[in-house]
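K.L.:
First the structure, then my questions, so here it is.
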Amino acid sequence: MSNILDAIFRPQSVAVIGASRRHGSIGREIVHAIIEYGFNGMVFPVNPKAKVIHSIKCYRSVLEIPDEVDMAVIVVPKPLVNQALIDCGRKEVKGIVMITAGYSEVGNKADELEVKQLIEQYNMRLVGPNCMGIINTHSDYQLNATFASTPPIKGNVGFVSQSGALGVAILDSARDLNIGFSMFASVGNKTDVSANDLLEYWEDDEETEIILLYLESFGNPRNFTKLARRIVRKKPIIAVKSGRTALGAKAASSHTGALAGMDMATDALFNQAGVIRVNSVEEMFDLTQAFAKQPLPKGDRVAVMTNAGGPGILVTDALVCHNMEMADFSEQTIKTLQEYLPPEASFSNPLDMIASADPPGYKRTLDILMKDPLNDAVIVIFVPPVTVDAEAIARSIAEVASKGWDKPIICCFMGTRGERSGVPILRQAKLPVYLYPEAAAMALAAMVQYRQISQRPEGKIVTYDDVDKEKVESVINIAIEHKRERLNAEEIGRILKAYRFPLPDSIITKEIDEALEFSRSRYPIVLKMMAESVVHKTDVGGVMVDIRNDDELRAAFGGMTEKADKLELTDYSILVQQMVKGGRETIIGMTQDPTFGPLIMFGLGGIYVEIMKDVNFAIHPITDLEAERMVKTLKGRKLLEGIRGEKAVDYEIIIECLLRLSQLVADFHQIKEMDLNPFLAFPEKKKSRVVDARLSIKLDGSVKV
């Protein structure tokens, strides 16, 4: 075997430990499924209380089997599992599929750790526990080692499900949609074999052209990102990740930390890896229909043909919302259509053939649109009038599709159900078919998105040589020594200066004379109250802006001192800072996620981060192209580009600051949370400044660079 997972998916022999004669039991159903699906190897039922199961000789133990055993399916009660694993190890079984449950899914982590130790001791690979099994549809193996009621059909989709019950439902739905699988794995608790292992296993598998994932948790997100980035250049990965709205996320002191609890990390991971994320299993199969059955479009220009105006408008709206283009028709196409379509038809896009459109009309129109070089895909919509045979329409579409075009045909048959709806004919012809136009538009847009993902450059990690690591090391070590998680303004300023972030001139003082001397050549001035116990300065009136002369400074300084006294602050000081006027408020930040590690964030500042939460996250470290994407894909990016005659801000300095932050986080893992808020961006690069910042660290030992 070229890969140890071959023992699980391509075995020559399988033992079912816990096989049963009782109808309806999982132990019998798995033996039955293996035989019924046509497994080409040897099957060994194991049960100490039976001599024959399913007309096959039964063994008391796997150790009694005279032949080699590549893979064992374990379905015994939980107290018998460890002995079964030991027996498999002594028998030199290499692959285990463990159906038995009762481990970490119910909080029993200690027993699951014993399972892991046993498989590592005997150099075995294990799928599960608490899973529903695995499937390989390849004709040389034809292995269905599951207890699913619906056997899969052969196809080009590899599917990983972390939920066994959901896996059963998915196999049922896939057969209804005529979607076939190459391999299927219900990974359960992922004690050993994970989604990452299967991604790597399927990367070069010729039978697997599309990979689907249903995940409830990540094992190694960084390894997932590395694998997925590589694989999506060859084949699409479509994922459903549950747990979008995890309750009880801890409150964070920084904006970045608070926003990161909103499932942003998973979105960031998938975006960087090139994985197409969908919201539901239904959406997953909407996309899979198109990916599995049609070629990728070469561009985003879509032609729509329909026999009803309303659905044509709906699909147009949906396509535009997905940033697709409505294709123009060539002059030759329009001229040819006008030769046979009624004058009441609309010859713009969407092309409305009106309700009288018949099977020959659908056939000829689709053929003409497929030949038109001005579109990259065609959506065919049919709403069945009483006088038109839906099956005949479907056959005419299938006949055109059979010519083997290099651009996709997407079908939408509205209001049609049952055997005579025409839908089975389309699915048999390997055409994706949807009940509503919006689903058709979404699937086609995803295909365009994937083509762009598969062709995008990788980018590179940027490091700057002009940074001073020793200064940052000193600041962090002093804070750790004094057990201070939150750094003060002076310390943060020293760190930012060491990594060459652009800062306004400032001093920190409690003396009015020192403040006056600094300010006289720098008015207007801003005062900010600095105290470890004050996280959000504006909430306590700790910010005073646009101070223009000495008198105003004396009054403001005195007023801030009085506020500090009322708050009973003893550790406070006052930041005197040259005021930065104008610019557009943005926020740059990072936070530590317990699963994903450091997350880098960029967004619009001010009310846009407080209320609109218009931010982008990326898993650290980020490349130059990822930093650019974070800036240029904000929903409110037009505010940065300039409106009503304003000039666009300089993106280069924002991207540079994101990359410098990424380098800082890489150099100092003690940084827990950090906000540069606001970062004022200007059209002139040299004017942009970090106006305020917060930074907290982990007190887990000193650093040495």
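No lab work stands behind these numbers, since they all come straight from the coordinates. As the structure is a prediction and not an experimental result, all values here were calculated from the model. Reconstructed Cβ throughout: ideal geometry from the backbone, glycine too, with neighbour counts over all protein chains shown.
K.L.:
Of PHE501, PHE347, how do they rank once you tally other Cβ atoms within 10 Å and put the fewest first?
P.N.:
Values: PHE501 23, PHE347 15.
In increasing order of surrounding Cβ atoms, one gets PHE347, PHE501.
K.L.:
Right, next: Averaged over every viewing direction, what's the projected area of the C-alpha convex hull for the stretch 1-68? Give it in nm², one decimal, please. It would help to have the intermediate numbers written out before the result.
P.N.:
On the way: hull surface 19.0 nm².
Seen from a random direction, the Cα hull of the stretch 1-68 projects 4.8 nm² on average.
K.L.:
So if we plug the beta-carbon distance of ASP468 and VAL543 into 1/(1 + (r/R0)^6) with R0 = 35 Å, what FRET efficiency do we get, rounded to 0.05?
P.N.:
0.75
K.L.:
Report the extension gain between ALA101 and GLU120 in nm, rounded to one decimal, defined as 0.36 nm multiplied by the number of residues separating them, less their alpha carbon distance.
P.N.:
Details: separation 19, 0.36 × 19 = 6.84 nm, distance 1.95 nm.
Gain in length upon complete extension: 4.9 nm.
K.L.:
Please work out how much length the chain gains when fully extended from ILE313 to HIS669, using 0.36 nm per residue of separation minus the C-alpha to C-alpha distance, in nm with one decimal. All intermediate terms of the calculation are to be shown ahead of the outcome.
P.N.:
Working: separation 356, 0.36 × 356 = 128.16 nm, distance 5.28 nm.
Extending this stretch completely gives an extra 122.9 nm.
K.L.:
Here is a further query. So in the chain, what percent of DSSP beta bridges are antiparallel if you round to the nearest 5?
P.N.:
Details: 52 of 103 bridges.
Once the DSSP bridges in the chain are tallied, antiparallel ones form about 50 percent.
K.L.:
Nearest 500 deg cm²/dmol is fine: what mean residue ellipticity at 222 nm does the chain get from its DSSP H runs of n ≥ 4 alone, each adding -39,500 (n - 2.57), divided by its residue count? Display every interim value, and only then the final one.
P.N.:
Working: 23 runs with 249 residues, N = 705.
The helix contribution divided over the chain gives -10500 deg cm²/dmol.
K.L.:
Which order results if VAL475, VAL302 are arranged by neighbouring Cβ count within 10 Å, fewest first? Provide the component values of the computation, followed by the final result.
P.N.:
Numbers: VAL475 22, VAL302 28.
Going from least to most buried by this count: VAL475, VAL302.
K.L.:
Please give the length that would be gained between ARG500 and LYS371 if that part of the chain were fully extended, namely 0.36 nm times their separation in residues minus their C-alpha to C-alpha distance (nm, one decimal).
P.N.:
Numbers: separation 129, 0.36 × 129 = 46.44 nm, distance 5.69 nm.
In short, 40.7 nm is gained.
K.L.:
Suppose each label sits 7 Å from its Cα in the direction of the beta carbon; what would the LYS430-LYS632 distance come out to in nanometres?
P.N.:
Between LYS430 and LYS632, the label points sit 3.6 nm apart.
K.L.:
In Å and whole numbers, how far do the C-alpha atoms of the stretch 6-208 stretch along each principal axis, longest first?
P.N.:
Extents along the principal axes: 42, 38, 30 Å.
K.L.:
If you project the alpha carbons of the stretch 294-455 onto their three principal axes, what span does each projection cover, largest first, in Å?
P.N.:
Principal extents (Cα only, largest first): 46, 36, 29 Å.
K.L.:
A further question follows. Magnitude of the Cβ-charge dipole of the stretch 487-628, K/R +1 and D/E -1, about the Cα centre, nearest 20 debye? Don't jump to the answer; show the numbers that get you there.
P.N.:
Details: 15 positive and 24 negative charges, 52 e Å.
It comes to approximately 240 debye.
K.L.:
Label ILE334 and SER149 with points 7 Å out from Cα along Cα→Cβ: what is the distance between them in nm?
P.N.:
Once both label points are built, they end up 5.6 nm from each other.
K.L.:
Hey, another quick one. Highest mean first, what order results for 282-291, 487-496, 212-221 on Cβ atoms within 10 Å? Numbers along the way, then the final one.
P.N.:
Numbers: 282-291: 22.1, 487-496: 20.3, 212-221: 18.5.
Per-residue mean Cβ counts within 10 Å order the peptides as 282-291, 487-496, 212-221.
K.L.:
Kirkwood-based Rg over Rh for the stretch 87-199 (C-alpha set), two decimals? Display every interim value, and only then the final one.
P.N.:
Working: Rg = 14.5 Å, Rh = 14.6 Å.
Reported Rg/Rh, Kirkwood definition of Rh: 1.00.
K.L.:
Of all DSSP beta bridges located in the stretch 344-456, what percent are antiparallel, nearest 5?
P.N.:
Values: 1 of 8 bridges.
Of all bridge pairs located within the stretch 344-456, approximately 10 percent are antiparallel.
K.L.:
In whole Hz and in residue order, list the ³J(HN,Hα) couplings for the stretch 361-366 that follow from phi through the Karplus curve 6.51 cos²θ - 1.76 cosθ + 1.60, θ = phi - 60°; x for Gly and Pro.
P.N.:
With coefficients 6.51, -1.76 and 1.60, one gets x, 4, 4, 5, 5, 4 Hz.
K.L.:
Right, something else. Provide, in order from the shortest bin, the percent of all Cα-Cα pairs of the chain in each 10 Å bin, continuing until the bin that contains the maximum pair distance.
P.N.:
Reading the bins upward from 0: 3, 13, 18, 18, 17, 15, 10, 5, 2, 0, 0.
K.L.:
Where does each of LYS78, LYS537 land when they are ranked from fewest to most other beta-carbon atoms within 10 angstrom?
P.N.:
Values: LYS78 14, LYS537 17.
Exposure proxy ranking, most exposed first: LYS78, LYS537.
K.L.:
Right, another one. If I model a spin label as a point 7 Å beyond the Cα along the Cα-Cβ vector, how far apart are those points for GLU490 and TYR523 in nm?
P.N.:
2.7
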